[in-house]
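First the structure, in the form of structure tokens, and then the observations on it.
The values are calculated or read from the model by the stated rules, or taken from the named source; none is laboratory data. Model, not experiment: these values are computed from the prediction. Cβ sites come from the backbone with ideal geometry, for glycine too, and all protein chains shown count toward neighbours.
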Amino acid sequence: MTTQNADASSTAASSPPAPPAHSLAHLPVGVFAIVMGIGGTAVAWFRAGEAFGLALPVDEALAWIGLAVLAAAIVAYGAKVARHPKAALAEWGHPVKAAFVATIAVSMMVLAIAFLPISEAVSAALWWPGAVLQFVITVLVMRTWIADARVQSVHVHPAWFIPVVGNLVAPLAGVAHAPAEINWYFYGVGAVFWLGLLPVVLNRLFVEGVMPWRLAPTLAILVAPPAVASLSWVRLGGSWEDPLAMMLLGVVIFQLALLAAQSAYLRKVPFAVSAWAYTFPLAASASALLAAYESGATDFAAWVGVVALAAATLLVLGLGWRTAVAVARGELLAAEG
């Protein structure tokens, strides 16, 4: 045996074996986007009830389902971190996957909003750890984008907005739990870095070619920032009659139209956990439009909001069933092809 072959054999022997094709090591951190979709839809149903004077228990049911899914996701992903720490660390530092780490914090804060009219104590118990995680994750993810030489323009995708939009989500329940300075901190970071990141993401979409199919559903995330920004602006003391809120609602409607124009292509994309990226943006846009309608906006806002809520609800039901099938088949623990 040559020295080179001996060295190679020695390296192979000392390296840990790769995880099998189906392993907890492959569980994606994006599973927390499921909670975002369910919780966001719960909030949208609450808005619908307020706007139309309905007393439907859909929002409360979805909130509790979301909490159960969050608990399951924390247990499952916590087991991955404990058993396969190298796989988790690799995911957190990955140029493409790192952005999805923020779904952990955002899912907690979205559920905090859903539980605010149900139990302020539960809402606070979700919001505070979510807000702390949001602060930490935003710093760490942006450090990765800045300092990691592997990050190139081709790695950019709309899910990069998740660590940023999470800051805009924080004030929606944070107004009830934290001092004004903390909520304005989150809003400022979210608004400034959303606008700063927007041309970077658009450049990727316009000039770097079509995204891989697994990331195609993240195109829906473009809807979320203006929707959440408008909701938080009003929650922090603004009004739906303010020029800023009206402008943001206009951007929401445009983004919904742009998403609808791509639906023929998006329907052909095979199922993956990333498909849950459709749900929260649609639910957030429904919440914003229905809240604006309740405040006196035109009936057009109500119609678009109802359509967005119906789409979000149908997607939550359909993706929930498909995800349950994927869990039963072990697809969520399969290595990416």
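The single residue among LYS86, LYS97 that is farther than 30 Å from PHE46 by Cβ and surrounded by fewer than 16 Cβ atoms within 10 Å (Cβ to Cβ) turns out to be LYS86.
Conditions (1) under 17 Å from LEU172 (Cβ atoms); (2) in contact (Cβ under 8 Å) with a residue 24 or more places away in the chain; (3) not in a helix (DSSP H, G or I), marked per residue:
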{"residue": "VAL31", "(1), (2), (3)": "no, yes, no"}
{"residue": "THR41", "(1), (2), (3)": "yes, yes, no"}
{"residue": "ARG47", "(1), (2), (3)": "yes, yes, no"}
{"residue": "GLU50", "(1), (2), (3)": "yes, yes, no"}
{"residue": "LEU56", "(1), (2), (3)": "no, no, yes"}
{"residue": "ALA99", "(1), (2), (3)": "no, yes, no"}
{"residue": "MET109", "(1), (2), (3)": "yes, yes, no"}
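ILE65 falls short on exactly one of the conditions (1) exposed (fewer than 12 other Cβ atoms within 10 Å of the Cβ); (2) assigned to a helix (DSSP H, G or I); (3) of a type in the set (A, V, I, L, M), and that condition is (1). The residue list PHE254, PHE300 contains one member that is more than 25 Å from TRP213 (Cα to Cα) and among the hydrophobic types (A, V, I, L, M, F, W, C), which is PHE300.
In the set (1) farther than 19 Å from VAL234 by Cβ; (2) touching a helix residue (DSSP H, G or I) at 6+ places or on another chain (Cβ under 8 Å), the condition left unmet by HIS155 is number (2). Hey, among the residues in segment 294-306 that are surrounded by fewer than 24 Cβ atoms within 10 Å (Cβ to Cβ) and in contact (Cβ under 8 Å) with a residue 12 or more places away in the chain, which one's nearest to TRP45 (Cα to Cα)? My answer is VAL306. Considering only residues in segment 263-307 that are among the charged types (D, E, K, R) and in a helix (DSSP H, G or I), the one that is farthest from VAL29 (Cα to Cα) turns out to be ASP299. If I ask for residues that are over 20 Å from the mean Cα position of the chain (by Cα) and of a type in the set (Ser, Thr, Tyr), which ones from segment 136-184 would you list? Correct list: SER153 only.
Going residue by residue through segment 113-136, is there one that turns out to be polar (S, T, N, Q), over 19 Å from SER274 (Cα atoms), in a helix (DSSP H, G or I) and at pLDDT 95 or above? There is at least one residue in segment 113-136 that is polar (S, T, N, Q), over 19 Å from SER274 (Cα atoms), in a helix (DSSP H, G or I) and at pLDDT 95 or above. LEU27 meets the conditions (1) within 25 Å of VAL228 (Cβ to Cβ); (2) in contact (Cβ under 8 Å) with a residue 60 or more places away in the chain in every case but one. The failed one is (1). Against the conditions (1) modelled with pLDDT of 95 or more; (2) among the β-branched types (Val, Ile, Thr); (3) touching a Phe, Trp or Tyr at 6+ places or on another chain (Cβ under 8 Å); (4) surrounded by fewer than 22 Cβ atoms within 10 Å (Cβ to Cβ), VAL151 satisfies every one except (1).
Of the residues screened, GLY209 is not one that is part of a helix (DSSP H, G or I), over 18 Å from the mean Cα position of the chain (by Cα) and surrounded by fewer than 16 Cβ atoms within 10 Å (Cβ to Cβ).
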